Amino acid sequence: MQRAGKRTDPEAFVRALAPALRQSASIARALEGRVANRPKRGEATPVKAALTIADTASQEALLVPLFERFPSVRLAAEEDTPSTARFADTGRELVVIDPIDGTLRFYLEGRGPYAVMIGLARDAAYTAALVALPREELYLDAVRGQGARVAHLGSPPRAARAEATGKRIYVSHDLPEAAQESLLRRGFEVVMACGGAIAVAPLVPGVCAGLRVALDPGQGISIRGRIGALIAAEAGALVHGADGAGFPNDVEAPARALLVAAGSSELAALEAALSAAGLS
C-alpha cells in the first residue's frame with residue numbers, strides 16, 4: 001500500500017493496474033448488447049448523460065485495486081460509484097478514469113471503437129497511462145520517458161511503435177463534413193471512434209492517425225481524452241494541437257484539437273482537414 005504523501009512510482013502504477021484494466025475491459029465486453037442506457041440526470045447532452053451498468057461495474061473493477069495500492073491519490077472518475085468517496089480530496093497526484101469512453105455512440109450504438117482508460121498525473125501532467133480497446137482486444141500502457149507497450153488478448157506486452165499500417169484514420173463523431181471529405185480525397189478511410197481510441201490510433205493495426213476536435217471552444221479536449229496521448233507520444237507518434245505545435249503536457253491547458261499521426265505525411269493530412277473545415 002502507498003504511504004500517505006509518498007510519490008507514486010509510475011511503473012508500479014502500471015504494473016498494479018494492468019490486470020485491473022484487463023478485467024474492466026472484459027466486463028465491458030461481456031456486457032455488450034445486454035445493458036440499457038440509464039441516463040444521468042443534469043447532463044447537457046445525451047452523450048454526456050449516457051450510463052450503463054457496464055460503466056459502473058467496469059469502474060469499480062479499477063477503483064478497488066487502485067485504492068488498495070494507492071489510497072492517497074486524488075480521483076477524477078467518470079461515474080459516481082461506491083469506491084469514489086474513499087479517495088483523498090487534495091494532493092499533487094490525480095488518477096483519471098473513464099470506465100467506458102464512448103458509452104452512447106460507440107458502446108451502445110456500436111459506431112466504432114470504445115475504450116477503457118486510466119491515467120496517473122502528477123503536478124497536472126500524465127506520468128503513466130493505460131488504455132484498453134476491448135473489441136480490438138488491445139491493451140496499451142506507457143510511463144513518461146520509458147516508452148509504450150502493447151499487448152493483444154492472451155499475449156504478453158511488447159514494445160509499441162507508431163506506424164502507418166493502413167489508411168484508416170479515427171475521427172470524432174462530430175468532425176465537420178468538410179474535414180472528412182478532405183481526408184477522403186487524399187485516399188484515407190474515415191472511421192468514427194471514441195476519444196480514447198483516437199488518442200492511440202497509430203498503434204492500432206490498420207490505422208495510421210487520429211483526429212479529434214472540440215467544436216465548442218469552451219469545452220476543449222477533456223482530461224480523459226488526453227490519457228492516450230502519452231501512450232502515443234511514448235510510442236513515437238506525432239502528437240499535436242490545432243495550432244501546429246505539440247500537444248500540451250499540462251492536462252488543464254486549453255486544447256481545441258488533438259492530432260495523432262504515425263508520420264509527417266499523415267500529420268499533414270490531418271492539418272489540411274482542419275484547414276478545410278476552418279478549424280486551424
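Worth pointing out:
- Fully extending the segment from residue 253 to residue 152, taken as 0.36 nm per residue of separation minus the present Cα-Cα distance, adds 33.1 nm.
- Percent accessible area from carbon and sulfur atoms, the chain, protein chains only, probe 1.4 Å: 48 percent
- Amide H within-cut-off set for residue 207, under 5 Å, with H built and near neighbours excluded: 165, 166
- Unit charges on C-beta of K, R, D, E only; dipole of the chain, Debye: 480 debye
- Listed values (i) 45, 38, 37; (ii) 53, 41, 39; (iii) 107, 37, 36, entry calculated as Cα extents along the principal axes in Å: (ii)
- Overall form of segment 73-115 per C-alpha gyration tensor (a/c, 1.5; a/b vs b/c): prolate
- Relative contact order, percent, the chain [alpha-carbon distance under 8 Å, six or more residues apart]: 15 percent
- Between residue 243 and residue 34, full extension at 0.36 nm per residue minus the direct alpha carbon distance yields a gain of 71.0 nm.
- Given a 1.4 Å probe and the protein chains as shown, residue 141 ends up with an accessible area of around 20 Å².
- Accessible area per residue, Å², segment 76-223 with all protein chains present, probe 1.4 Å: 39 Å²
The values are calculated or read from the model by the stated rules, or taken from the named source; none is laboratory data. Computed from a predicted model, the values in this text were never measured in an experiment. Neighbour counts are summed over all protein chains in view; Cβ atoms, including those assigned to glycine, are modelled from backbone coordinates with ideal geometry. Areas reflect the complete protein model, heavy atoms only, side chains present, ligands, DNA and RNA absent. Shrake-Rupley method; radii C 1.70, N 1.55, O 1.52, S 1.80 Å.
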